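Comments concern the structure below.
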Amino acid sequence: MTFQELLFREAENRGFTDVEIYFVKKEVFGCQIYNGEIDQYEIAEDGGLSFRGKINGKMGYAYTEKIDEASIPYLIENAMENASVLIDDEGEEIFAGSERYAKGDFFSESLQEVGIPEKIDFIREVEKELLAIDPRFQPTDFCGIRTESVIKTLANNKGLNVSDKLNVLYVYVQAIVKDGEEKKTSFEFKVTKDFHKLNAKEIAQKAAKEALAQLGSKSIESRKYPVLLRNDAAAQLLAVYSGNFSAENTQAGTSPLKDKQGKEIASAKVTIVDDPFHEGGLGCRTFDSEGVATKKLTVVESGVLQSLLHNLKTARKEQTSTTGHAHKSSYKSAIKVGPSNFYIEPSLREFSELVSGMEEGILITELSGLHSGANTVSGDFSVAANGFYVKSGKVQYPVNLMTIAGNFYEMLKDVVEIGSDLVFPLSPIGSPSILVKSLSVTVE
């Protein structure tokens, strides 16, 4: 008898009706280089199993890292105790399964076969190439490579048994250039499943080019300007407010999008989707954390809010259907609502076209202080930014320390153009570059 069969049988003998297990196994390799030497090194295997079951009409939870027969009594006792102290479980249920599950190709065997020495040699080469570009570049303490491989399995006594397997590789480097008293930094990253397509020189040159471009910064008048948020900066901002598209948050009163379905919340240029099968996305999955089959969802279409993200519980509250967005941040976590690959849909317009179409404005390439400077309920934000002054369709010069301020929901309505350059900057939230009619820009 398997562990699962033994656990389910014993749980049913103890009075549980519906029971479920959620298993996660994660393997990680990470290495950071400083001046040619290994600065940080990590090989880790993490994972465990959560047990969820209904007893006396209430749902109990328990989890363990040890998956053996001796853990079975522990899981059952803990779940029973957990259920007994619940005042209200709001009608949680174990899902019997969807009619059909799409196949997902999220795992690369060739990536899995790349050896550790090869990965370390590659990231050493990135740093070496960067430092060779210009003597003003300093060794960076943020130059690394990381691979992650994850297996997720969900099974219950209603016959459901589904599994996903995915892996990914990240390369990241911070370029630091010092010219006299002036010191500038830039950050470049690459996410791939094909290690052999990576080019160390190309990554280093891109990081270097951006850092060097920031030297010689000048001041500009503090006022409102048209603002072009480059793809990675736009994705950072969207990530902060992405939770407001969750029905969990509208029901809790922490999202202003409550009762806005069918209403215009953004410019007609803006379409936002959540696509669990998007190639290049970091949140791919064929099922959610309740076992519901996932599919592409249009959240905002041409500016109109079409749907919020739902799990079974939030859907029941609103007498609608789940959208397959139940989410557990780990096997230890309770079930919440969360996106897969959530992004603003790109257009066919190149980034260079967006810049050339600006008579005057600011190009923002980096944002910082987002979590402290952004109010997710009101939508107001005031955050530090790096970027460039644009005049007559051309980037003129970098701008001294800036603060940009506005309101996220008003900004969505003020989107003038969208680029073709969709990116997911080390997160499942992505965006192309977006041109906004105006934001307040303050320069120190």
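The values are calculated or read from the model by the stated rules, or taken from the named source; none is laboratory data. These numbers were taken from a predicted model, which means no experiment stands behind them. Here the Cβ is made from the backbone with ideal geometry for all residues, glycine too, and neighbour counts use every protein chain on show. The accessibility values were calculated without ligands, DNA or RNA, using every heavy atom of the protein model including side chains. Shrake-Rupley method; radii C 1.70, N 1.55, O 1.52, S 1.80 Å.
Residues in the range 419-444 that are open to solvent by 10 Å² or more (accessible area, probe 1.4 Å), of a type in the set (S, T, N, Q) and within 17 Å of the chain's Cα centre (by Cα): SER427 only.
Of the residues making up the range 1-34, those that are over 22 Å from GLY115 (Cα atoms) and either among the β-branched types (Val, Ile, Thr) or open to solvent by 30 Å² or more (accessible area, probe 1.4 Å) (or both) number 18. Only one entry of LYS332, LYS394 meets the criterion of being of a type outside the set (S, T, N, Q), open to solvent by 60 Å² or more (accessible area, probe 1.4 Å) and more than 18 Å from VAL436 (Cα to Cα), and that entry is LYS332.
For the range 25-52, the candidate set comprises residues that are of a type in the set (Asp, Glu) and more than 30 Å from ALA175 (Cα to Cα); within that set, the residue that is modelled with the lowest pLDDT is ASP46.
Among residues of the range 307-336 that are closer than 30 Å to GLU65 by Cβ, those with a Cβ under 8 angstrom from a residue that is basic (Lys, Arg) and open to solvent by 60 Å² or more (accessible area, probe 1.4 Å), sequence gap 6+ or separate chain, pair up as ASN311/LYS336; GLY324/LYS295; ALA326/LYS336; HIS327/LYS336; LYS328/LYS336; SER329/LYS336.
Taken across the range 53-67, residues that are farther than 24 Å from ASP288 by Cα and modelled with pLDDT of 95 or more do not occur at all.
LYS263: charged (D, E, K, R), open to solvent by 30 Å² or more (accessible area, probe 1.4 Å), modelled with pLDDT of 95 or more and closer than 30 Å to ILE116 by Cβ, yes or no? Considered against the rule, which asks whether it is charged (D, E, K, R), open to solvent by 30 Å² or more (accessible area, probe 1.4 Å), modelled with pLDDT of 95 or more and closer than 30 Å to ILE116 by Cβ, LYS263 comes out as no. Comparison of PHE23, PHE106, PHE95 shows that the only residue that is part of a loop (DSSP other than H, G, I, E, B) and within 23 Å of the chain's Cα centre (by Cα) is PHE106. Of the helices (runs of 4 or more DSSP H) that lie entirely inside the range 349-444, those containing 2 or more residues that are among the hydroxyl-bearing types (Ser, Thr, Tyr) and modelled with pLDDT of 95 or more span 351-356.
The conditions of being surrounded by fewer than 21 Cβ atoms within 10 Å (Cβ to Cβ) and farther than 30 Å from ALA79 by Cβ are met by GLY379.
Determine if the range 267-274 includes at least one residue that is closer than 22 Å to LEU426 by Cβ, part of a loop (DSSP other than H, G, I, E, B) and either at pLDDT below 95 or open to solvent by 10 Å² or more (accessible area, probe 1.4 Å) (or both). Taking every residue of the range 267-274 in turn, none turns out to be closer than 22 Å to LEU426 by Cβ, part of a loop (DSSP other than H, G, I, E, B) and either at pLDDT below 95 or open to solvent by 10 Å² or more (accessible area, probe 1.4 Å) (or both).
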